Amino acid sequence: MNIPLTNINALIVDMDGVLWHGEQAIAGLSDFFQLLREQDMPFILATNNASHTAEQYVKKLARMGVSIKQEEILTSGMATALYLAQHKDPANTHIFVLGEQGASQPLLEQGFTLTGIYQLNSPETPNQGADIVVCGKDETITWDKLSTATLNLQAGAEFIATNADTTLPTERGLVQGNGAILAALHAATGRTPTVIGKPEPIMYQQALALLGSTPENTIAIGDRLDTDILGAVRTGMRSLMVLTGTSKREDLQNIDFAPTWIMQDLQAVTEALRERN
């Protein structure tokens, strides 16, 4: 894919598998961001991983030698909170979060009330349960958390997922993602969630609004065909896939869409951006 990089005014960049594996930075990370600053290239780091807050991602990148503003980060947890605030009245909506701080904090900042473990509707407490169950990646998952989510869903709560990634690239390899938790809840309740993160276009559209850019002059950079690249296709954007994460070249044989560009890694992306007209 030797299509030149042209008409690019902004970037939407995935993180896991593109910028790092777990706590290990991918080679060329600092050079990539240094070039973006030199070229005054606006960007949003848009991740399906809802376990961390924007502040935590800023600190993680700082540990890797990169300075980022919180306003340059959009997680699926943040996207979920924004989406729900646009469709519900936060002051009158109770939410149970099966997830970590990255999923719960944005909801609190939007004014939603979060319910706790086994806080459910009953004849004695008819308004104590959740109106919505939000499920995000949760490394602190417990039987009680799953049970509370299940009971709320069985009682009729709406089902929202920050993302549906089945796996997550780490320094040890691929591990289970939020999709594994969703599968457990589906098995218990028969319910299928509304997904906010990639490949649905919602988060990409929010990122475009933050950038003040259009699909025509923005490209998405990611490592997963089924989320990053498919999401870009559904949003009408061009996309660039790096081969440092989940998807490989041979995976293209089994799908009916493709990225605009495929590059080996972040270093190759940096070089291509440096050489573009």
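Some observations on this one:
- Taken over segment 237-267, the criterion of being over 19 Å from Arg37 (Cβ atoms), more than 19 Å from the chain's Cα centre (by Cα) and surrounded by 12 or more Cβ atoms within 10 Å (Cβ to Cβ) is satisfied by Lys248, Asp251, Leu252, Ile255, Phe257, Ala258, Thr260, Trp261, Ile262, Met263, Asp265.
- Looking across His87, His52, His94, one residue alone is in contact (Cβ under 8 Å) with a residue 12 or more places away in the chain and farther than 20 Å from Ala180 by Cβ. It is His94.
- Matching entry among Ala103, Ala62, Ala79, Ala91 (being within 24 Å of Pro215 (Cβ to Cβ) and either out of contact with any Pro (no Cβ under 6 Å at 6 or more places or on another chain) or assigned by TED's automatic domain parsing to the domain that holds Gln206 (or both)): Ala79
- Filter pass, Gly177 being within 23 Å of Leu74 (Cβ to Cβ), small (Gly, Ala, Ser) and out of contact with any Gly (no Cβ under 8 Å at 6 or more places or on another chain): yes
- Count of segment 33-71 residues, restricted to those that are in contact with a Ser or Thr (Cβ under 6 Å, 6 or more places away or on another chain), at negative phi and not aliphatic (A, V, I, L, M), is 2.
- For beta carbons closer than 7 Å, sequence separation of 6+ or different chains, a first residue in segment 255-277 that is in contact (Cβ under 8 Å) with a residue 60 or more places away in the chain and a second that is basic (Lys, Arg) and surrounded by 14 or more Cβ atoms within 10 Å (Cβ to Cβ), the qualifying pairs are Thr260/Arg238.
Yes or no, residue by residue, for (1) among the hydrophobic types (A, V, I, L, M, F, W, C); (2) closer than 26 Å to Gln86 by Cβ; (3) surrounded by fewer than 17 Cβ atoms within 10 Å (Cβ to Cβ):
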| site | (1), (2), (3) |
| --- | --- |
| Thr142 | no, no, yes |
| Thr162 | no, yes, no |
| Glu171 | no, no, yes |
| Leu174 | yes, no, yes |
| Lys198 | no, yes, no |
| Ile202 | yes, yes, no |
| Ala209 | yes, yes, yes |
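The values are calculated or read from the model by the stated rules, or taken from the named source; none is laboratory data. Predicted model only: the values in this text are computed from it and were never measured. Please note: Cβ atoms are built from the backbone with ideal geometry, for glycine as well, and neighbour counts cover all protein chains shown.
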